[in-house]
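Structure, as structure tokens:
Read-outs: derived from the displayed coordinates by stated rules, not from any lab. Computed from a predicted model, the values in this text were never measured in an experiment. Cβ coordinates were reconstructed from backbone atoms using ideal geometry, including for glycine residues, and neighbour counts include every protein chain displayed.
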């Protein structure tokens, strides 16, 4: 499989996950506006994770098809993704803390695991920028974003059918 096909595939999956959030809205009481704070947070995480994967896959695709050296391309994408995720983790922590104060359904263990995984990926991107300048760390980051979006989607669907 060619690199362009992989990046387009990631962007397509990300778009599909973001698009399916509309399906979640029509399930259960959510279609009448009665979202709880935890589900609103999960929905925002789903959209952010899928749009992050799609956006950075498209950025990589544009840079791969430009005149840039491949190593420079992976360094740019890795550095941009890493910086974005630092900002995202900071904002996510603030939103989680606010929801916890509201008494929302927040899984602390899952949040710590996700934080550790993303911090490890940020470190991996730093190493990629400074030493390797390869595709694999970028793909790992994008796939983890997609996996996170899929997990949030699953949780929202499961919550929609609980009484």
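Quick rundown of the values:
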read-out	value
Two-decimal Rg/Rh across the stretch 51-120, once Rg and the Kirkwood Rh are taken from alpha-carbon atoms	1.14
Top of 71, 125, 152 by mean-square fluctuation, Gaussian network on the chain, Cα under 10 Å	71
Neighbour-count order for 85, 151, 1, fewest beta carbons within 10 angstrom listed first	1, 151, 85
GNM result for the chain, Cα springs below 10 Å: residue of 153, 87, 45 fluctuating most strongly	87
Helix-only [θ]222 nm of the chain, DSSP H runs n ≥ 4, -39500 (n - 2.57) each, per residue, nearest 500	-27500 deg cm²/dmol
Theoretical FRET efficiency, 1/(1+(r/R0)^6), r = Cβ-Cβ of residue 158 and residue 94, R0 35 Å, to 0.05	0.85
Over the chain, equivalent-ellipsoid semi-axes from the Cα gyration tensor in Å	31, 18, 11
Exposure proxy ranking, count of Cβ atoms within 10 Å, fewest first, for 42, 155, 95	95, 155, 42
Neighbour-count order for 12, 48, fewest beta carbons within 10 angstrom listed first	12, 48
